[in-house]
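Worksheet: the structure to be examined is printed underneath.
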There are 4 protein chains.
Amino acid sequence: MEEILRKRMEGNEYVRHLGVELLELREGYAYGRMPYKKELANPYGFLHGGSLYSLADIVAGNGACMDGRYVTTVSGTMNYLEPAVNTEYVYCEARKLRSGRNLAVFEVRLRDDAGTLLDSGEFTFFLTEHRVE
Amino acid sequence: MEEILRKRMEGNEYVRHLGVELLELREGYAYGRMPYKKELANPYGFLHGGSLYSLADIVAGNGACMDGRYVTTVSGTMNYLEPAVNTEYVYCEARKLRSGRNLAVFEVRLRDDAGTLLDSGEFTFFLTEHRVE
Amino acid sequence: MEEILRKRMEGNEYVRHLGVELLELREGYAYGRMPYKKELANPYGFLHGGSLYSLADIVAGNGACMDGRYVTTVSGTMNYLEPAVNTEYVYCEARKLRSGRNLAVFEVRLRDDAGTLLDSGEFTFFLTEHRVE
Amino acid sequence: MEEILRKRMEGNEYVRHLGVELLELREGYAYGRMPYKKELANPYGFLHGGSLYSLADIVAGNGACMDGRYVTTVSGTMNYLEPAVNTEYVYCEARKLRSGRNLAVFEVRLRDDAGTLLDSGEFTFFLTEHRVE
């Protein structure tokens, strides 16, 4: 499963443009990172809130996919705690809070190189029996 | 103010990569769009949740900037209602629900070419007296 | 359906303690109100955020129930825009943004007697075929 | 500070009706509980989503108050993971994710007697220099 997901990510242009990499992936847990790049920053030089949200959605979504079902994002919430700047990477840890017959909920925590918490949020995914081929 | 914001957007690589354009901008209201592009899609061919969220954040953020203060996103929530596919553009309407001394809250509604509601959400911005130069 | 829901509400102690009444109820739309009462206020004399959220959940939930299925709240988000005080009632309007095979999403808007917008949010409900008897 | 907050809570009718108690309270952390009571349940016999949200808001809000400033809830999000039923109490742990000059963000996790995670969410509070007398 992990290999399928990694290949799918590498083949996806949106993920590649962001530069998101998965560092760890197991049932109920995913860990990844995105580099600080000027082309992902807002006019103030901080990583754009949309790029940070995308990192979180991608990492948590891959965690949800580990259960083998077809996954779509139902909702996401993000709290921006500190600006993402002066860091080589932003790291995202996604942990499953619950998964049931239809829905999985993950918490996400984003940190900089120094381990400072930058952003927090929760994502909900819909899981259907239609399997990833 | 509108001209400053438009120039700043055009100069921002993250906005340019997404292809977000502002169509209307006035105090408390912003309207923009993002084209459907393969490089913004997820592996299922739908626009990635992160790109849709970015569209919403950019459009609402510009609406918040119309008040002349320095704006940072405090939080965002998104509900994904229908997949964004088979449309030339996704349109985003952002309406101010409230703005006070420190915080502004906007609702966002994303629609496809046919006017179908695709996504909804709310964004909160922090406003500081530090002016946009 | 409307009668079943009204009776169920009147029989529910939590709803009765809050004093929530439904004023209008139809497919995809619900409108209700809750009186300002000292026993629902926080130490500052404003209606407690939890009581306002409860009003929203109850009104939107009844809107979701109008489709005849068994309804449970999956998630809720609330933005508190203005303090709820100096008003006889708080009015809540809940409008369906989408409903599908499994999930329904409603926006909620709370206003005071003068029509000032106090709070906004979105609620997601899970719908199952198990019918309300 | 802790004593002031406890007294204020005991004097508040909304808190008393819910039966919320604080079990632990220190800078950046609060832990409390609410009993399962029929008058807080929905028509299915589960604790009402609004009562659970209220518990979370009260516990996290007291955690935010520990910094000595005047606290108001800006926003709250809740994900309902499991029904709250067959438990004597629901326990709520609130942990500060960040606090700055104006805003504090807390995560909340609600559990039943057996330690099962029932609900998760995040609350944002506005802090002003107006001190609690």
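Each reported figure results from applying straightforward, stated rules to the coordinates on display, with no laboratory input. Keep in mind that what you see is a predicted model, and the values were worked out from it rather than measured. Virtual Cβ from ideal backbone geometry, glycine too; neighbours counted across all protein chains shown.
Take C:THR128, project a point 7 Å from its Cα along the Cβ direction, then tell me which residues of segment D:19-43 have their backbone nitrogen under 18 Å from it.
Counting backbone N atoms under 18 Å from the label point, the list is D:42-43.
How well do other chains shield peptide A:64-77, expressed as the mean number of their Cβ atoms within 10 Å of each residue Cβ?
Per-residue shielding by partner chains comes out at 5.
Return the calculated 222 nm mean residue ellipticity for chain B, to the nearest 500 deg cm²/dmol, obtained by summing -39500 (n - 2.57) across DSSP H runs with n ≥ 4 and dividing by the residue count.
Details: 3 runs with 32 residues, N = 133.
That calculation yields -7000 deg cm²/dmol at 222 nm.
Just checking the output field for D:9-21: average partner chain Cβ neighbours within 10 Å of each residue's Cβ?
Details: counts 1, 0, 1, 6, 6, 13, 4, 1, 6, 4, 0, 1, 0.
So the per-residue partner count for this stretch is 3.
Considering the zone a paramagnetic label at C:TYR44 would reach in this model (a point 7 Å from Cα along the Cα-to-Cβ line), which residues of segment B:101-125 have amide N under 17 Å from it?
B:101-105
Amide H of A:ARG98: which non-local residues (sequence gap of 5 or more, or other chain) have their own amide H closer than 5 Å, using H built in the peptide plane?
For A:ARG98, the qualifying residues are A:VAL105.
D:ALA114 to D:LYS7: FRET efficiency via 1/(1 + (r/R0)^6), r the Cβ-Cβ distance, R0 35 Å, to the nearest 0.05?
Once the sixth-power term is evaluated, E becomes 0.60.
Going by amide H atoms built from the backbone, whose H comes under 5 Å of the H on D:LEU81, apart from near neighbours?
Those qualifying (amide H under 5 Å, at least 5 residues apart or on another chain) are D:ASP119, D:SER120.
In percent, what relative contact order does chain C have, based on Cα pairs under 8 Å that are 6 or more apart in sequence?
Contact order relative to length: 24 percent.
Measure nothing but the geometry: give the 0 to 90° angle between the long axis through the Cα atoms of D:49-65 and the longest principal axis through the Cα atoms of chain D, rounded to 10°.
Result, in degrees: 30.
Taking C:GLU82 in one copy and the same position in all the others, each labelled 7 Å out along Cα→Cβ, what are the pairwise distances from the first, in nm, shortest first?
Computed spacing set for this position: 3.4, 3.7, 4.2 nm.
Anyone know which of B:GLU122, B:GLU107, B:GLU27 comes out most mobile in the 10 Å Cα GNM of chain B?
Largest GNM mean-square fluctuation: B:GLU27.
Go through segment D:23-31 residue by residue and turn each phi into a ³J(HN,Hα) via Karplus (6.51, -1.76, 1.60, θ = phi - 60°); whole Hz please, and just put x for glycine and proline.
Each residue's phi maps through the Karplus curve to give 9, 7, 7, 8, 3, x, 8, 9, 9 Hz.
From the backbone phi of segment D:106-112, what are the Karplus-calculated ³J(HN,Hα) couplings (6.51 cos²θ - 1.76 cosθ + 1.60, θ = phi - 60°) in whole Hz, Gly and Pro given as x?
In residue order, the calculated couplings are 10, 8, 10, 9, 9, 9, 8 Hz.
Using a 10 Å cut-off on Cβ to Cβ distances, tally the other chain neighbours for every residue of C:49-60 and report the average as a whole number.
Average neighbour count from other chains, rounded to a whole number: 6.
If we hang a label 7 Å off Cα along the beta carbon direction at D:GLY100, how far is it from the matching labels on the other copies, in nm, shortest first?
In ascending order, 1.7, 3.5, 3.6 nm.
If you plug each phi of segment A:76-85 into the Karplus form 6.51 cos²θ - 1.76 cosθ + 1.60 with θ = phi - 60°, what whole-Hz ³J(HN,Hα) values come out, in order, with x for Gly and Pro?
x, 10, 9, 10, 8, 9, 9, x, 8, 7
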